[in-house]
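A short write-up of the structure that comes next.
The values are calculated or read from the model by the stated rules, or taken from the named source; none is laboratory data. All values derive from a computational prediction rather than experimental measurement. We place every Cβ from the backbone using ideal geometry, glycine too, and count neighbours over all the protein chains shown.
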Amino acid sequence: MSDTAATLTQDRQKLEMAALSAPAVIFTIAMIAFPVVYTIWLGFQTFSSTGKQTFAGLANYTKLMSDVEFWHGLWITIALFVLSLVLQLVFGVWLALVLFHAKRLPGIVRSLFISPFMMPPVVAGMMWLVILDPSLGAANYILQSLGLPPSDWLASPTWVIPTVALIDSWQWTPYVALIVLGGLQSLPPSVYEAAQIDGASAFKTFQRITLPLLLPTIVTAAILRSVDLLRFFDIIYITTQGGPGNASNTLNIYGFRVGFEFFNIGYASALMLTLTAIVFGAVLAFNRLRGAVAW
Amino acid sequence: MKARMLATRVALPVLAIAAVSAQARAAEFDWMKFKGKTVTFLANNNPVSQALLTYKADFEKLTGMTLKVDGYQEQQMRQRLVTVMNANSDEVDVFMTLPSREGEQFAAAGWYGDLTAMAKNEVAKDYDPAGLSQALLKAATFGGKLTSMPMNIEGPIFYYRTDIFKKCGLEAPKTIKDVEAAAEKIKTCDSTVTPFVSRGLKPAIAYTFSNMLHNIGGTYIASGKSSLCSAKGKEALDTYSRLLRDFGPPGVVNYSFQQISALYRGGRAAMAFESSNELRTVMEGGARLKDTGLLPFPAGEAGQVPTTIGWGMAVSSHSKQPDAAWYFVQWATSPEVQKKMALQGIAPPRPSVAKDPEYRKWIDEEPVRKEWQAALDVLATKGSSEVGYPIVANPQSREFIGQAVQDLILKQKTVDQACADADKALDALIALN
């Protein structure tokens with residue numbers, strides 16, 4: 001077979017492969033792109049409370065800038081994000097260190113440590129709603145048994161965000177711990193041996209060796225948790241529905257209510273696209289940070 | 001004279017012919033007409049639909065149709081409905097609806113099929129559409145179109161512990177002032193119980209608050225403007241929030257029917273203002289069966305104007321088989337099925353069922369059931385279906401009512417500030433109507 005004929009056969013094979021895989025590729029792209037494009041299109045529409053739809057241009061985005069509820073929701077979202085992320089990273093690293101060093105810990109105990117994140121958030125929300133009920137729940141019973149004053153937990157505008165952050169951290173800290181544990185297991189032992197020879201204390205070893213080497217892993221865990229935390233919905237919807245008042249009304253909860261309770265799908269789409277942009281922004285920022293701490 | 005002659009010679013024969021033709025149609029009615037079809041029912045997974053769907057097989061046997069049930073919790077059901085209707089999809093044939101909440105909105109959006117003609121012409125002999133609660137049928141009629149058929153009758157009623165009242169030397173309250181006085185006395189007489197509990201969760205407040213507002217003599221709208229800042233409006237806001245703040249459980253701002261029923265059933269509340277539908281839940285385990293009294297909510301300056309609502313069954317305007325869908329609606333709201341549901345504790349929207357001997361026997365088995373039925377009779381005769389503002393954006397109006405009450409429970413605003421802020425937001429909603 002001549003070179004020209006061989007090239008023609010190869011080109012034909014490539015074409016055939018492209019043609020055969022095209023339907024699957026087009027279907028996949030369409031499935032990803034359609035909801036996004038449709039939401040962008042909806043963001044340019046207004047829906048009256050009777051469902052009547054009109055093109056509104058950027059009106060939804062202009063409205064968003066002057067919407068007190070939007071700014072309040074953004075503030076609540078950021079507060080919850082920062083508080084939960086800090087708690088989960090700190091306790092996640094701690095739990096990972098405990099699991100790493102307690103090598104003789106039975107498998108069942110290790111499984112128990114990481115079991116909360118396997119629980120559906122709705123179940124976790126219902127469970128904590130009952131535990132934290134100021135009248136009927138076990139939390140206040142325990143506090144009072146210890147001689148401490150009871151708390152209103154989820155019913156207090158002041159404490160609702162820390163309480164929700166605690167619930168989320170209870171559920172997701174083990175997930176962070178699992179990622180960090182993987183990172184710990186991949187650290188080079190030679191560095192630790194050198195530190196030991198130099199007489200470094202356990203704290204110094206952690207501060208100067210473990211933590212810097214773990215940073216890329218910790219940032220990866222932070223990226224994964226950030227996406228979820230900025231879209232915080234399920235636990236709040238189950239426990240407070242954004243209350244008391246608007247004290248836990250995150251952007252996602254606000255957008256849901258605007259769309260599905262007040263039927264303003266256009267404005268809700270604008271809110272959700274703005275939230276998506278914030279999530280993308282956070283992921284990009286963390287990605288840059290990961291690049292900076294890589295070793 | 002001419003008018004009387006016209007009535008005798010023209011109108012009466014026409015009515016007679018109409019009656020005869022309706023009877024003839026009823027005689028021709030064939031439950032098997034749509035045999036082989038599948039009807040999709042979007043259901044709220046609440047006690048009403050649960051009781052109804054116990055008899056799903058009976059419907060399928062009677063009609064030869066298949067009933068496909070798409071069941072969700074209340075808010076998720078609405079979420080699904082919004083998606084389906086905005087897409088003009090025919091996926092749903094029949095859906096459950098609360099006319100008092102979303103009736104104006106769904107009717108204006110054109111989501112309800114018009115049942116007026118079908119309820120008149122396409123009925124089985126024993127259906128008796130006139131036997132359904134006229135108040136509920138009226139509440140489901142928008143722009144002259146009948147949009148849903150009532151499945152049940154319900155409203156908030158007053159549950160109180162007769163043993164605690166007796167211990168504290170109290171009589172059953174007759175007025176709202178009596179409720180406040182009883183709460184005050186119970187607080188000192190028995191510190192182990194919560195004196196009073198009602199809904200404090202923001203979107204749920206309007207259901208119980210509306211009853212208090214109407215009893216006090218207030219209205220939501222006066223001269224086209226929101227009137228929460230009227231003297232009666234302020235009194236209602238102040239009384240409702242004060243009862244919950246001073247005599248309610250800690251954390252009441254997160255309380256809806258689940259928490260209230262649990263608290264009362266557990267013997268930890270002396271008075272509860274909660275839905276009549278919760279009777280079965282409250283009586284579970286039997287602990288409250290002998291020590292509970294039930295009343296419509298005690299009177300205010302305007303007497304008793306209880307809140308009376310009911311779930312309805314609507315046919316989707318996008319359904320491709322509205323006639324078959326109507327057969328399901330008709331079966332589900334027929335006297336026979338509603339009697340069966342009543343025996344499961346679903347209050348019937350038909351006075352004839354409420355008088356049925358078998359149902360009366362069930363009622364007479366327990367004194368608390370008698371009081372429950374007596375309260376429901378008052379709801380049926382005196383009730384108002386106004387829960388929140390009678391505007392298209394009713395669900396949103398409930399948010400602002402709830403916000404005002406929560407601001408007062410949490411002492412974040414004065415009554416004047418809370419009502420003024422709510423009125424401002426509500427006037428904007430009314431203007432959109």
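Restricting to the stretch B:219-242, give me the number of residues that are in contact with a Leu (Cβ under 6 Å, 6 or more places away or on another chain) and farther than 19 Å from B:Pro156 by Cβ.
1
Could you grab me the full set of residues in the stretch A:227-251 that are away from chain B (no Cβ under 14 Å) and surrounded by fewer than 20 Cβ atoms within 10 Å (Cβ to Cβ)?
A:Val227, A:Asp228, A:Arg231
When residues of the stretch B:30-49 are filtered for being closer than 30 Å to B:Ala347 by Cβ, outside any loop (DSSP other than H, G, I, E, B) and touching a strand residue (DSSP E or B) at 6+ places or on another chain (Cβ under 9 Å), how many remain?
So the count comes out to 8.
Quick one: what pairs do we get from the stretch B:108-123, first residue under 26 Å from B:Arg78 (Cα atoms), second β-branched (Val, Ile, Thr), C-beta under 7 Å, 6+ apart or different chains?
Filtered contacts from the stretch B:108-123: B:Ala108/A:Thr50; B:Ala108/B:Val392; B:Ala109/A:Thr50; B:Tyr112/B:Thr147; B:Gly113/B:Val315; B:Leu115/B:Thr147; B:Leu115/B:Val315.
Just for the stretch B:234-247: of the residues that are under 12 Å from B:Val197 (Cα atoms) and more than 24 Å from the chain's Cα centre (by Cα), which one is farthest from the other protein chains (Cβ to nearest Cβ)?
Per the stated criteria, the residue is B:Arg242.
Please go through (1) within 12 Å of chain A (Cβ to nearest Cβ); (2) under 28 Å from A:Phe262 (Cα atoms); (3) at pLDDT below 95 for B:Ser223 and return the number of the only condition it doesn't satisfy.
(1)
Scanning for something part of a helix (DSSP H, G or I), within 26 Å of A:Asp133 (Cα to Cα) and within 19 Å of the chain's Cα centre (by Cα), does the stretch A:245-252 turn up at least one residue?
Looking for residues that are part of a helix (DSSP H, G or I), within 26 Å of A:Asp133 (Cα to Cα) and within 19 Å of the chain's Cα centre (by Cα), one finds at least one in the stretch A:245-252, hence yes.
Does the stretch A:160-175 contain any residue that is in contact with a Leu (Cβ under 8 Å, 6 or more places away or on another chain) and without any contact (Cβ under 8 Å) to a residue 60 or more places away in the chain?
yes
So, in the stretch A:175-205, exactly how many residues are among the hydrophobic types (A, V, I, L, M, F, W, C) and within 27 Å of the chain's Cα centre (by Cα)?
Going through the stretch A:175-205 one residue at a time, the tally reaches 8.
Quick check on this structure: which one of A:Gly199, A:Gly182 is out of contact with any Cys (no Cβ under 7 Å at 6 or more places or on another chain), assigned by TED's automatic domain parsing to the domain that holds A:Pro134 and part of a loop (DSSP other than H, G, I, E, B)?
Being out of contact with any Cys (no Cβ under 7 Å at 6 or more places or on another chain), assigned by TED's automatic domain parsing to the domain that holds A:Pro134 and part of a loop (DSSP other than H, G, I, E, B) holds for just one of A:Gly199, A:Gly182, which is A:Gly199.
I need the full set of residues from the stretch B:186-225 which are surrounded by fewer than 17 Cβ atoms within 10 Å (Cβ to Cβ) and closer than 18 Å to B:Arg242 by Cβ, in order please.
Selection gives B:Thr188 alone.
Just a yes or no: is a residue in the stretch A:126-135 closer than 21 Å to B:Gly267 by Cα, assigned by TED's automatic domain parsing to the domain that holds A:Tyr237 and of a type in the set (Gly, Ala, Ser)?
Taking every residue of the stretch A:126-135 in turn, at least one turns out to be closer than 21 Å to B:Gly267 by Cα, assigned by TED's automatic domain parsing to the domain that holds A:Tyr237 and of a type in the set (Gly, Ala, Ser).
Could you check the stretch A:218-241 and list, in sequence order, the residues that are touching a Leu at 6+ places or on another chain (Cβ under 9 Å) and not in a helix (DSSP H, G or I)?
A:Arg231, A:Phe232, A:Thr240, A:Gln241
Would you call A:Ala139 free of Cβ contacts under 8 Å to residues at least 40 places away in the same chain and either assigned by TED's automatic domain parsing to the domain that holds A:Ile209 or surrounded by fewer than 19 Cβ atoms within 10 Å (Cβ to Cβ) (or both)?
Here the answer is yes, as A:Ala139 does meet what is asked.
Take the residues in the stretch A:6-57 that are without any contact (Cβ under 8 Å) to a residue 40 or more places away in the chain, polar (S, T, N, Q) and not in a loop (DSSP other than H, G, I, E, B), then tell me which one is nearest to the other protein chains (Cβ to nearest Cβ).
Per the criteria, the residue is A:Thr54.
Limited to the stretch A:150-166, what total is found for residues that are part of a helix (DSSP H, G or I) and either within 14 Å of chain B (Cβ to nearest Cβ) or of a type in the set (Lys, Arg) (or both)?
Selection size over the stretch A:150-166: 6.
Criterion first (within 14 Å of chain B (Cβ to nearest Cβ) and in a helix (DSSP H, G or I)) does A:Tyr192 satisfy it?
So A:Tyr192 does not fit the description; no.
What helices (runs of 4 or more DSSP H) lie completely within the stretch B:318-433 and have 1 or more residues being more than 30 Å from B:Val84 (Cβ to Cβ) and outside the structural domain of B:Met212 (by TED's automatic domain parsing)?
The helices (runs of 4 or more DSSP H) meeting that bar are B:335-342, B:351-354, B:357-364, B:367-382.
Okay, residues lined up against (1) within 12 Å of chain A (Cβ to nearest Cβ); (2) at positive phi:
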| position | (1), (2) |
| --- | --- |
| B:Ile260 | yes, no |
| B:Gly267 | yes, yes |
| B:Ala270 | no, no |
| B:Asn277 | no, no |
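(1) under 20 Å from B:Pro390 (Cβ atoms); (2) surrounded by fewer than 22 Cβ atoms within 10 Å (Cβ to Cβ); (3) among the aliphatic types (A, V, I, L, M): which one isn't true of B:Ala262, the others all being true?
The number of the failed condition is (1).
Going by what's in this entry, would B:Ala404 be described as of a type outside the set (S, T, N, Q), within 14 Å of chain A (Cβ to nearest Cβ) and free of Cβ contacts under 8 Å to residues at least 12 places away in the same chain?
In short, no.
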